[in-house]
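Everything below concerns the one structure shown next.
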Amino acid sequence: MFAALLVVYVPGIRMRFAETINSFNVKPKDLDYDSTNIRKAILDCDLSLVKENWKTGIGYENLQNSLNDCYKSNYNSSFYLQDNYMTHNYYLYIFICSGFFGFILYLFYLYNLVRICVKKNIFLLNVLVISTLIICFVEDYLYRQYGLLYFNLLLMIFIKYDENKKQKTTENGI
């Protein structure tokens, strides 16, 4: 209900919602593109690269050139020349670059991360990890230096905090 009210009464959200409906299935052409159809083009190229290179991946150093080649061959637009558009999905980024085996290793890392969060049972740590895992569906959050640095910094702070808290509890005999 609240979301519907936002779409109706907030102009920025209403315009973004209308853009999503109107241009989701419209390919970028010449200078006629917006954030919705660019993201759709990125997703299509991501899935195409996964399909072609799912076994071994293309390598991290080849990703941008491969994406640009896909944009160039599938879209009659120059949207990709002005900015370098990455995958906008960190899971697909890992899969495209490292292939199936690398993706499985990344999922194993995430499994262990979630297992640690459940074991620690710290509300803010759980919020941090869950929100990061959700953000990774729409952004290359951990690809960026700051995202990776801050995520791991906060992760280590929470884990160390929990260890210190347990150590003080055992020292005080509580």
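A few points about this structure:
- Farthest positive-ward along the chain dipole, Cα basis, beta-carbon charges - from Thr20, Leu153, Tyr90: Leu153
- In the complete set of protein chains, residue-level accessible area for Ser78 is approximately 40 Å², probe 1.4 angstrom.
- Exposure ranking of Phe101, Phe151, Phe158, Phe24 by accessible area [1.4 Å probe, largest first]: Phe101, Phe24, Phe158, Phe151
- Within segment 28-119, the trypsin sites (Lys or Arg not before Pro) that combine a DSSP coil assignment with at most 16 other C-beta atoms in a 10 angstrom radius are Lys55.
- J(HN,Hα) series, segment 101-118, from Karplus relation 6.51 cos²θ - 1.76 cosθ + 1.60, nearest Hz, glycine and proline x: 5, x, 5, 5, 4, 5, 4, 5, 4, 5, 4, 5, 5, 5, 4, 5, 4, 5
- Cβ charges +1 (Lys, Arg) and -1 (Asp, Glu), total dipole of segment 1-106, debye: 260 debye
- Assuming charge only on the beta carbon of Lys and Arg (+1) and of Asp and Glu (-1), the dipole of segment 41-174 about its Cα centre is about 660 debye to the nearest 20.
- With all pairs of separate Cα atoms included, the chain yields a Kirkwood hydrodynamic radius of 18.9 Å.
- Percent carbon-and-sulfur accessible area, segment 34-96, ignoring ligands, DNA and RNA, probe 1.4 Å: 48 percent
- Straightening the chain between Lys165 and Tyr146 buys 4.0 nm, computed as 0.36 nm per residue apart minus the Cα-Cα spacing.
- Extension gain, Asn84 to Leu6, is 24.9 nm, computed as 0.36 nm per intervening residue step minus the present C-alpha separation.
- Note, ³J(HN,Hα) from phi for segment 124-134, Karplus 6.51, -1.76, 1.60, rounded to Hz, x at Gly and Pro: 5, 5, 4, 4, 4, 5, 4, 5, 5, 5, 6
- Across segment 26-174, the relative contact order, built from alpha-carbon pairs under 8 Å that are at least six residues apart, equals 23 percent.
- Gyration tensor verdict on segment 13-94 (Cα atoms; rounded if a/c is under 1.5, prolate if a/b is larger than b/c, oblate otherwise): prolate
- Prolate/oblate/rounded label for segment 1-51 (Cα gyration tensor, a/c 1.5): oblate
The values are calculated or read from the model by the stated rules, or taken from the named source; none is laboratory data. Please read these numbers as outputs of a predicted model, since none were measured by experiment. When we count neighbours, we look across all protein chains shown, and the Cβ atoms used for this are built from the backbone with ideal geometry, even at glycine. What goes into the accessible areas is simple: the full protein's heavy atoms, side chains included, and nothing from ligands, DNA or RNA. Shrake-Rupley method; radii C 1.70, N 1.55, O 1.52, S 1.80 Å.
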